[in-house]
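Peer 1: Following this message is one structure expressed as structure tokens.
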Amino acid sequence: MKHQKTCPVHEDPIAHMLKGAPSRRNIDNTADRIGDSAEKFDRLMQLVFHGNPDIAPRAAWAMDACLSRHPEWIQPYLCGMIDRLPHITTDGTKRQIVKNLSTTAIPESHEGKIVDCCFRWLQSPKTPVAVKVHCMQILANITARHPELAGELRHLIEEQMPHSSAAFRSRGRKLLAVLSQQKTSRSKNISNSSE
């Protein structure tokens, strides 16, 4: 009879799984273990926010895998994610959180906080490209409701494009086109309303 590996009694089974190799396979296995259980997903989110620096990025990666299956699960955590965002220190955790926030409607009550954080990370030379790309997208999404932010975002994208990665330039070109289109639409709306 084979003995199965078990995790210590005091350790969460999800945390135990995340201590394995940081591989796509391990993350998918963790997401499979969580399955359709919102309760297990809640335990995973506690590891994202309160896990040690080795576990938190892996938990955030597993969070991304779970949210690809259950995008609605982000809703109860949305404001907490945004509140904690400026305090996250691990790049992997930042990347996964802003990736998911970039595809989610941000509550008006938290727009100011996320705008400040995204502009700060976008300006920092220490911010990884993947985080910057998702921050640009979040900011572009918000400019649809707050066009006064478009000029600063446009300036930061244009300033960084010449010496950034291909991923940054690709997203930057797309977002500059969107920002230009938004500006043209607003100009047409203003001229139509003044007639």
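Residue-by-condition table, conditions (1) of a type outside the set (Ser, Thr, Tyr); (2) at pLDDT below 95:
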{"site": "Ala130", "(1), (2)": "yes, no"}
{"site": "Leu139", "(1), (2)": "yes, no"}
{"site": "Thr143", "(1), (2)": "no, yes"}
{"site": "Ala167", "(1), (2)": "yes, yes"}
{"site": "Ser180", "(1), (2)": "no, yes"}
{"site": "Lys188", "(1), (2)": "yes, yes"}
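Peer 1: Now, a different point. Restricting the first residue to the stretch 98-111 and requiring it to be not assigned by TED's automatic domain parsing to the domain that holds Gly80, which pairs with a second residue that is outside any helix (DSSP H, G or I) and among the aliphatic types (A, V, I, L, M) meet a Cβ separation below 8 Å and a spacing of at least six or different chains?
Peer 2: none
Peer 1: Still on this structure, I have one more. Filtering the stretch 111-148 down to residues that are part of a loop (DSSP other than H, G, I, E, B) and under 14 Å from the mean Cα position of the chain (by Cα), which residue is farthest from Leu85 (Cα to Cα)? Steps first, answer last, please.
Peer 2: The first filter runs over the stretch 111-148 and keeps only residues part of a loop (DSSP other than H, G, I, E, B), leaving 124-128, 144-146.
This time we only want the ones that are under 14 Å from the mean Cα position of the chain (by Cα), so: 127-128.
On the way: Thr127: 14, Pro128: 15 Å.
Among them, the one singled out is Pro128.
Peer 1: Is it the case, given these coordinates, that Gly20 is over 29 Å from Pro147 (Cβ atoms), modelled with pLDDT under 95 and assigned to a helix (DSSP H, G or I)? It would help to see each step written out before you state the result.
Peer 2: On the way: over 29 Å from Pro147 (Cβ atoms): yes; modelled with pLDDT under 95: yes; assigned to a helix (DSSP H, G or I): no.
For Gly20, the condition - over 29 Å from Pro147 (Cβ atoms), modelled with pLDDT under 95 and assigned to a helix (DSSP H, G or I) - is not met.
Peer 1: Just checking, does the stretch 4-15 include any residue being of a type in the set (A, V, I, L, M, F, W, C), assigned to a helix (DSSP H, G or I) and either over 20 Å from Val129 (Cα atoms) or modelled with pLDDT of 95 or more (or both)? Reasoning before the result, please.
Peer 2: Looking only at the stretch 4-15, we keep the residues that are of a type in the set (A, V, I, L, M, F, W, C), and these are 7, 9, 14-15.
Filter once more, so that each one left must be assigned to a helix (DSSP H, G or I): 14-15.
This time we only want the ones that are either over 20 Å from Val129 (Cα atoms) or modelled with pLDDT of 95 or more (or both), so: 14-15.
Checked against the condition, which is being of a type in the set (A, V, I, L, M, F, W, C), assigned to a helix (DSSP H, G or I) and either over 20 Å from Val129 (Cα atoms) or modelled with pLDDT of 95 or more (or both), the stretch 4-15 yields at least one hit.
Peer 1: Counting only residues that are surrounded by 14 or more Cβ atoms within 10 Å (Cβ to Cβ) and within 13 Å of Pro13 (Cβ to Cβ), how many does the stretch 32-45 have?
Peer 2: Adding up the residues that qualify gives 5.
The values are calculated or read from the model by the stated rules, or taken from the named source; none is laboratory data. A quick note: this is a predicted structure, and the numbers were derived from the prediction, not measured. Cβ: placed from backbone, ideal geometry, glycine included. Neighbour counts: every protein chain shown.
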